[in-house]
1. Taking the conditions exactly as written (at pLDDT below 85 and β-branched (V, I, T)), does V126 satisfy them or not?
2. Which of the residues spanning segment 33-59 are under 28 Å from S147 (Cβ atoms) and in contact (Cβ under 8 Å) with a residue 12 or more places away in the chain?
3. Go through segment 60-85 and count every residue that is touching a residue at least 60 places away in the same chain (Cβ under 8 Å) and of a type in the set (V, I, T).
4. Against the condition part of a helix (DSSP H, G or I), at pLDDT below 80 and at negative phi, how does D185 come out, does it pass?
5. Could you list, in sequence order, all residues of segment 91-114 that are touching a helix residue (DSSP H, G or I) at 6+ places or on another chain (Cβ under 7 Å), surrounded by fewer than 17 Cβ atoms within 10 Å (Cβ to Cβ) and either at pLDDT 75 or above or not in a helix (DSSP H, G or I) (or both)?
6. Could you list, in sequence order, the residues of segment 128-172 that are of a type in the set (G, A, S) and closer than 30 Å to Y95 by Cβ?
7. Any residue at all in segment 7-20 that's modelled with pLDDT of 80 or more and either surrounded by 17 or more Cβ atoms within 10 Å (Cβ to Cβ) or not in a helix (DSSP H, G or I) (or both)?
8. Within segment 135-144, track down each residue that is surrounded by fewer than 16 Cβ atoms within 10 Å (Cβ to Cβ) and either touching a residue at least 60 places away in the same chain (Cβ under 8 Å) or not in a helix (DSSP H, G or I) (or both).
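The values are calculated or read from the model by the stated rules, or taken from the named source; none is laboratory data. What you see is a predicted model, and the numbers here were worked out from it, not measured in a lab. Cβ atoms come from the backbone with ideal geometry, glycine included; neighbour counts cover every protein chain shown.
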Amino acid sequence: MEFKKGEIGFKSMVLIFVIFAVFVFVIVSGIFNFGATLMDQSFSGINLSIGNQSFNDTYQETLGQGLHPIINNGDLYGVLLLFGMILVMLIFAYYSPTANRLWFLSEFFVLIVAFIFAVSIQKAYVIAINASSTLLDIYSINLIKSSKFVMNLTKIIPAVWAFIVLLSYGKIKKDKPIASSEFGDLGY
């Protein structure tokens, strides 16, 4: 991936996208967890037998085997994905070109915008999970780590921003690769 001169501020702009993606992912994860739990409870409650085969036993041996790990480990999957997004941002910052020192001011402006956006997302999340007791139970019991992540966005965003700035502005310059035309006399 090649960068044009002037695209340096884009590294921190990814923070705003990640804040929104975190919010959407955690909300969708909670809805999926709620649906899977509701489906599991509904199917487990069916007491229907045809011949020697019970519907409940068949469900527990087939679809139940797939739903139970998702229901029980949904929070772990969420936290791994959230930290994966942060890791991708840090790798992106490391491999992007070295920035001009003047771009630091634009990066700081992006931090302020991202922080304001994180506060509004955090408040919207609190309103969403307090909308009903069922949602509060899902997000405070089943998805507690993902919820803590969203609730701590105002602490996480400055820390991630600092790592991005350190990786992009403080890295050692790489040697310029030698163009293949310089080896024209060697037959390559």
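1. Values: at pLDDT below 85: no; β-branched (V, I, T): yes.
Answer is no for this residue.
2. Answer for segment 33-59, where residues must be under 28 Å from S147 (Cβ atoms) and in contact (Cβ under 8 Å) with a residue 12 or more places away in the chain: N33, F34, A36, T37, M39, D40, F43, S44.
3. Start the filter on segment 60-85 by keeping residues that are touching a residue at least 60 places away in the same chain (Cβ under 8 Å), which leaves 71, 74-76, 78-79, 82, 85.
After this cut, where a residue has to be of a type in the set (V, I, T) as well, the list is 71, 79.
Summing the residues that are touching a residue at least 60 places away in the same chain (Cβ under 8 Å) and of a type in the set (V, I, T) in segment 60-85 gives 2.
4. Spelling it out, D185 is indeed part of a helix (DSSP H, G or I), at pLDDT below 80 and at negative phi.
5. The one that is touching a helix residue (DSSP H, G or I) at 6+ places or on another chain (Cβ under 7 Å), surrounded by fewer than 17 Cβ atoms within 10 Å (Cβ to Cβ) and either at pLDDT 75 or above or not in a helix (DSSP H, G or I) (or both): V113.
6. S146, A159, A162, S168, G170 - these are the residues of segment 128-172 that are of a type in the set (G, A, S) and closer than 30 Å to Y95 by Cβ.
7. No.
8. The answer is I144, and nothing else.
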